[in-house]
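Engineer: This is the structure I have questions about; it appears just below.
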Amino acid sequence: MDPTQYTSSAEDTVETVVGPSVNVEGDFASEGNIIVKGTVSGSVHTSRHLVVEAGARIMANVRAGSAQIAGEVKGNMKVKENLELMSTARVVGDIEVKVLAVEAGALICGKIMMPGLEAESRAMKKTIGKKFDEQPVMMDA
Amino acid sequence: MYVYIYDNFVRNKKFESLIKAMEIRLTDYGIAGKILRLTNYTDAKPIIDDEIKRGAKTVVIVGNDETFGHVLSRSATCDCTFGFLPVGPGNTIAKVLGIPEGEAACDTLSRRRKELLDVGWMNNRYFVSQLHVYPAKLEVVYDERFKVYANDLMEVVVCNLQPYYWKKHTKSQDQQVVHPQDGKLEAFLRPLTKKRFWGYNYEDPSIFPFEEMEIFAKEPFTVEADGKKSKEVKVKIKLAHGKIDMIVGRGRKF
């Protein structure tokens, strides 16, 4: 993606671009959108949008507001809203996301968790547990 | 009260008629004042401080980008309003500030449209428009949290007032406009990759907004801040807390 195009569409936000053949090491955090075209290792954190372009590599745990991945990510990902995995994406690590879209051809190796479903399963477990607790009482009566 | 700081080169005969016309226009507006002449070895800060003590409220720089950088690199935090009258070649900052060249600049000055501008701090001096680190094997540490490096040479441009221009292809020209009032400096890093036989190719730039950064290298590298070059091994750049009260034009680019 052309960074100039991106800035024109979101002029109010501060843009961070990691260009090709640039390496970033450490706790990489930004208040605005991040576009990664190079290599990042350590950790990545943004409250806004993260774009990992094809050919880019992230060897870090990622936390973002929303993300679009077309490159390689080795590490756990925690995305608040939408995560879009393009056909060239390769993700090795657990994913925690609200809405996930996976294009045909994307590779994922890891656990996928969605908070909404997790809450439902907890409720299910509770109801099952209650029923299980009630049964011995019935037996005693 | 107005004080005018003239660069030494405006004495040149080439600019004589323009300076005379400007002085007449300033007198017409009733904003003419004391004229001080700058030389290469003059530190502007004590001069401006003296004039402020004598009652000066507005200091007007007369010259080009180099003059602007020379005066404000030391005196950016002086308690006065700054104005700028661009004269001669090499005037890019004036365009960013929306100040026209020639006599028309006096009109802008008389209107006194003021803006507070951020200032950058580099090692022991201020810079207002742009800081340029020429290609070298550099390592950049941002806000003491993460470091950025390239496999080969890298060029760094830190923009405060001046927009950063870069070409993606030789024919096209993409432009990034950096707003000086966003409360952050913006660093543009361009790695260079070796061509097949000799020379280098520029890669697409990386962009990092920051408040503090350090640039290291094993060998001394050239730094140009507001048109003044120096050799450094370590440069600490940060956003200064002070701001410049500057008279700007209507057509300013921020």
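Engineer: Would you mind stating whether residue B:1 is under 21 Å from residue B:248 (Cα atoms), touching a residue at least 60 places away in the same chain (Cβ under 8 Å) and not β-branched (Val, Ile, Thr)?
Structural biologist: On the way: under 21 Å from residue B:248 (Cα atoms): yes; touching a residue at least 60 places away in the same chain (Cβ under 8 Å): no; not β-branched (Val, Ile, Thr): yes.
For residue B:1, the condition - under 21 Å from residue B:248 (Cα atoms), touching a residue at least 60 places away in the same chain (Cβ under 8 Å) and not β-branched (Val, Ile, Thr) - is not met.
Engineer: Working only within segment B:61-104, note down all residues that are of a type in the set (Ser, Thr, Tyr) and either modelled with pLDDT under 85 or not in a helix (DSSP H, G or I) (or both).
Structural biologist: Applying the first criterion (of a type in the set (Ser, Thr, Tyr)) to segment B:61-104 yields B:67, B:73, B:75, B:77, B:81, B:92.
Once the filter is applied, which keeps residues that are of a type in the set (Ser, Thr, Tyr) and either modelled with pLDDT under 85 or not in a helix (DSSP H, G or I) (or both), segment B:61-104 yields B:73, B:75, B:77, B:81, B:92.
Engineer: From the list B:29, B:6, B:41, which residue is closer than 14 Å to residue B:107 by Cα, assigned by TED's automatic domain parsing to the domain that holds residue B:71 and aromatic (Phe, Trp, Tyr)? Steps first, answer last, please.
Structural biologist: Working: B:6 fails: closer than 14 Å to residue B:107 by Cα; B:41 fails: closer than 14 Å to residue B:107 by Cα.
Result: B:29 is the single residue among B:29, B:6, B:41 that is closer than 14 Å to residue B:107 by Cα, assigned by TED's automatic domain parsing to the domain that holds residue B:71 and aromatic (Phe, Trp, Tyr).
Engineer: Could you list, ordered by first residue, the pairs with Cβ atoms under 6 Å in which the first is in segment B:243-254 and charged (D, E, K, R) and the second is buried (at least 16 other Cβ atoms within 10 Å of the Cβ) and assigned to a loop (DSSP other than H, G, I, E, B), at least 6 apart or interchain?
Structural biologist: B:250/B:98; B:252/B:98
To keep it simple, each residue is scored yes or no on (1) assigned to a strand (DSSP E or B); (2) over 19 Å from the mean Cα position of the chain (by Cα); (3) modelled with pLDDT of 80 or more.
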| residue | (1), (2), (3) |
| --- | --- |
| B:156 | yes, no, yes |
| B:165 | yes, no, no |
| B:169 | no, yes, no |
| B:178 | no, no, no |
| B:196 | no, yes, no |
| B:204 | no, yes, yes |
| B:207 | yes, yes, yes |
| B:237 | yes, no, yes |
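Engineer: Being closer than 24 Å to residue B:58 by Cβ and touching a residue at least 12 places away in the same chain (Cβ under 8 Å) is the filter here, so list the residues in segment B:223-242 that pass it.
Structural biologist: Of segment B:223-242, the ones closer than 24 Å to residue B:58 by Cβ are B:226-227, B:240-242.
Answer for segment B:223-242, where residues must be closer than 24 Å to residue B:58 by Cβ and touching a residue at least 12 places away in the same chain (Cβ under 8 Å): B:226, B:227, B:240, B:242.
Engineer: If you check B:219, B:224, which single one turns out to be of a type outside the set (A, V, I, L, M, F, W, C), in contact with a strand residue (DSSP E or B) (Cβ under 6 Å, 6 or more places away or on another chain) and in the same structural domain as residue B:135 (by TED's automatic domain parsing)? Please lay out each step first, then the result.
Structural biologist: Values: B:219 fails: in contact with a strand residue (DSSP E or B) (Cβ under 6 Å, 6 or more places away or on another chain).
Residue meeting the stated conditions: B:224.
Engineer: Next question, about the same structure. If you take the residues of segment B:139-166 that are among the hydrophobic types (A, V, I, L, M, F, W, C) and surrounded by 22 or more Cβ atoms within 10 Å (Cβ to Cβ), which of them is farthest from the other protein chains (Cβ to nearest Cβ)?
Structural biologist: Restricting attention to segment B:139-166, the residues satisfying the condition of being among the hydrophobic types (A, V, I, L, M, F, W, C) are B:140-141, B:146, B:148, B:150, B:153-154, B:156-159, B:161, B:166.
Next, from what is left, pick out any that are surrounded by 22 or more Cβ atoms within 10 Å (Cβ to Cβ): B:140, B:148, B:150, B:154, B:156, B:158-159, B:161.
Values: B:140: 10, B:148: 5, B:150: 6, B:154: 8, B:156: 11, B:158: 15, B:159: 13, B:161: 17 Å.
Here the answer is B:161.
Engineer: Continuing with the same structure: Kindly evaluate residue A:26 against the criterion of being over 15 Å from the mean Cα position of the chain (by Cα) and either outside any strand (DSSP E or B) or more than 14 Å from chain B (Cβ to nearest Cβ) (or both). Step through it out loud before you land on a result.
Structural biologist: Working: over 15 Å from the mean Cα position of the chain (by Cα): yes; either outside any strand (DSSP E or B) or more than 14 Å from chain B (Cβ to nearest Cβ) (or both): no.
Taking the combined requirement at face value, the residue does not satisfy it.
For (1) at the interface with another protein chain (Cβ under 7 Å from one of its Cβ atoms); (2) at pLDDT 90 or above, each residue gets a yes or a no:
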position	(1), (2)
A:1	no, no
A:15	yes, no
A:35	no, yes
A:39	no, yes
A:49	no, yes
A:52	no, yes
A:62	no, yes
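Engineer: Applying the selection to segment B:199-251, what residues are over 30 Å from residue A:46 (Cα atoms) and crowded, with 19+ Cβ neighbours inside 10 Å? It would help to see each step written out before you state the result.
Structural biologist: Here is the first cut: in segment B:199-251, the ones over 30 Å from residue A:46 (Cα atoms) are B:199-201, B:218-233, B:244-251.
B:221, B:223, B:225, B:226, B:227, B:244, B:246, B:247, B:248, B:249, listed by residue number.
Engineer: Within segment A:118-140, is there a residue that is exposed (fewer than 14 other Cβ atoms within 10 Å of the Cβ), touching a strand residue (DSSP E or B) at 6+ places or on another chain (Cβ under 8 Å) and either at pLDDT below 95 or not hydrophobic (A, V, I, L, M, F, W, C) (or both)?
Structural biologist: Taking segment A:118-140 and keeping what is exposed (fewer than 14 other Cβ atoms within 10 Å of the Cβ), we get A:118-140.
Within this subset, residues satisfying the condition of being touching a strand residue (DSSP E or B) at 6+ places or on another chain (Cβ under 8 Å) are none.
Scanning segment A:118-140 turns up no residue that is exposed (fewer than 14 other Cβ atoms within 10 Å of the Cβ), touching a strand residue (DSSP E or B) at 6+ places or on another chain (Cβ under 8 Å) and either at pLDDT below 95 or not hydrophobic (A, V, I, L, M, F, W, C) (or both).
Engineer: Going by what's in this entry, would residue B:47 be described as crowded, with 17+ Cβ neighbours inside 10 Å, assigned to a loop (DSSP other than H, G, I, E, B) and either in contact (Cβ under 8 Å) with a residue 60 or more places away in the chain or out of contact with any helix residue (DSSP H, G or I) (no Cβ under 6 Å at 6 or more places or on another chain) (or both)? Reasoning before the result, please.
Structural biologist: On the way: crowded, with 17+ Cβ neighbours inside 10 Å: yes; assigned to a loop (DSSP other than H, G, I, E, B): no; either in contact (Cβ under 8 Å) with a residue 60 or more places away in the chain or out of contact with any helix residue (DSSP H, G or I) (no Cβ under 6 Å at 6 or more places or on another chain) (or both): yes.
No; evaluated as a whole, the condition is false for this residue.
Engineer: Which of the residues belonging to segment B:105-146 are aliphatic (A, V, I, L, M) and assigned to a strand (DSSP E or B)? Can you show your working first?
Structural biologist: Restricting attention to segment B:105-146, the residues satisfying the condition of being aliphatic (A, V, I, L, M) are B:105, B:109, B:116-117, B:119, B:122, B:128, B:131, B:133, B:136, B:138, B:140-141.
The answer is B:116, B:117, B:119, B:122, B:131, B:133, B:136, B:140, B:141.
The values are calculated or read from the model by the stated rules, or taken from the named source; none is laboratory data. Small disclaimer: the values here were computed from a predicted structure and weren't measured. Cβ coordinates were reconstructed from backbone atoms using ideal geometry, including for glycine residues, and neighbour counts include every protein chain displayed.
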